[in-house]
Structure formats: C-alpha cells, structure tokens
Amino acid sequence: MSCESECLSPEGNPFQGSTKPAPSSPPPLFSSPPQDIEKPAIPYKQGQKLTIFRHNSPPPLGRPYPNSRALTPRKTLKGLTQLEYCLSASPLEGTTKSQETSSFVITKELALCDGRGAQFILVDNGWVTKIYDPLYYPTYHKDTSIRADVVEWAECDYSREGAAYEELTGRFGGTVIPKYHRFMDM
C-alpha cells in the first residue's frame, strides 16, 4: 500500500492524515544519501503493547525560543541513512520519571505513515497518543532536495507541543483541549 493511500482521511476521522495526496518525490538530488534498506516498517501496530515513562519535555526548541541544539552539518546528514542518523543522535534532555509508567495496548492506528511526522494511535485506556519518532519524519524538506534534520524536527514538535499543553492545561485541560499526560515512549 502506498503512503498516499495510508495517509488519506476516512470519512469523519480528523486524526487520520491529510486529505491531500502524499507529497511528490523531492527534486533530483545532486548527491543521494545511502539507501536506507535497514529502516524498519512503522512498528506501531494494532495489538502491540507499549510501556512508557512519565516525561516532562525540554523547553521549546527552535526559533523564536532560546533553547537550541547543535546543528548537524549537511555533509554529515548526506552521508548517513535516516536510521543511522536517528541512532547516532542524542535526544535533548527532559525529566524522565522512571518510577511512573503506563502500559497500554494499541487499539487503533489513527494516522501512521512513513514521512508523515508525528504518528497517532488510539490505546486501550482511551488516550489518543502522539508519537514523535524522527525515523518516520520526512527525509527531505518539502519540495526540495535538502535533507531534513529529522531529530531536531521531531524534538521541535515534541517540545513545543509540551510547552503549549503545560501553559494551557491548568485552565483548559480536559475541557477545551485534551488532557495532557506527559508520557514518553522509551
């Protein structure tokens, strides 16, 4: 099944991907990265059991926020597969509370697609769970042949969303916005 058909939205499901076709291939590359033949298929499948730890995300990353990480040189990105890069990159610090865990079973795949960015699943306790796995973020910046720093991209998404929920959860959590649980898959 192509990514385009996997990411299309079924009637009435706002969490399942975009109704737009999947992005086209990037423009021709001057130098292609190594083929990523060892990259596994998306592992978040219905029936899978996950155990996660409570985690407070790092401060928001990227402009206009002061928190940042060292940029990975483009030359380095060009020489690594996405899998190699994800395994070699160290995540930003946050606060993990290893004594506070939650285990659940995936009951429905809401939006899973390689190259989509964050993945969405529904779990047996009723939570819609968002997974920021850089391995399944787009390899290239939209409509370019420039390799994306997928680790930074996933950390930006995760840290910014965490900061937004931290700010809004006291007044609106569980009412106007979903309740925020601060868990991270490890």
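Some notes on this structure:
- Note, ³J(HN,Hα) from phi for the stretch 140-151, Karplus 6.51, -1.76, 1.60, rounded to Hz, x at Gly and Pro: 10, 5, 3, 6, 9, 9, 8, 4, 8, 7, 5, 5
- Placed amide H near residue 180: partners under 5 Å, 5+ positions off or other chain: 174
- Potential lengthening between residue 56 and residue 146 on full extension [0.36 nm per residue; Cα-Cα distance subtracted]: 29.2 nm
- Distance (nanometres) between label positions extended 7 Å along Cα→Cβ at residue 127 and residue 93: 2.5 nm
- Calculated FRET value between residue 76 and residue 175, using beta carbons and R₀ = 30 Å, to 0.05: 0.10
- Residues whose amide H comes within less than 5 Å of that of residue 108, counting only those at least five positions distant or on another chain, are 122 (H built at 1.01 Å from N in the peptide plane).
Bear in mind these aren't lab numbers, they're just calculated from the coordinates by the rules spelled out. Remember, predicted model here, so these are calculated numbers, not experimental data. Virtual Cβ from ideal backbone geometry, glycine too; neighbours counted across all protein chains shown.
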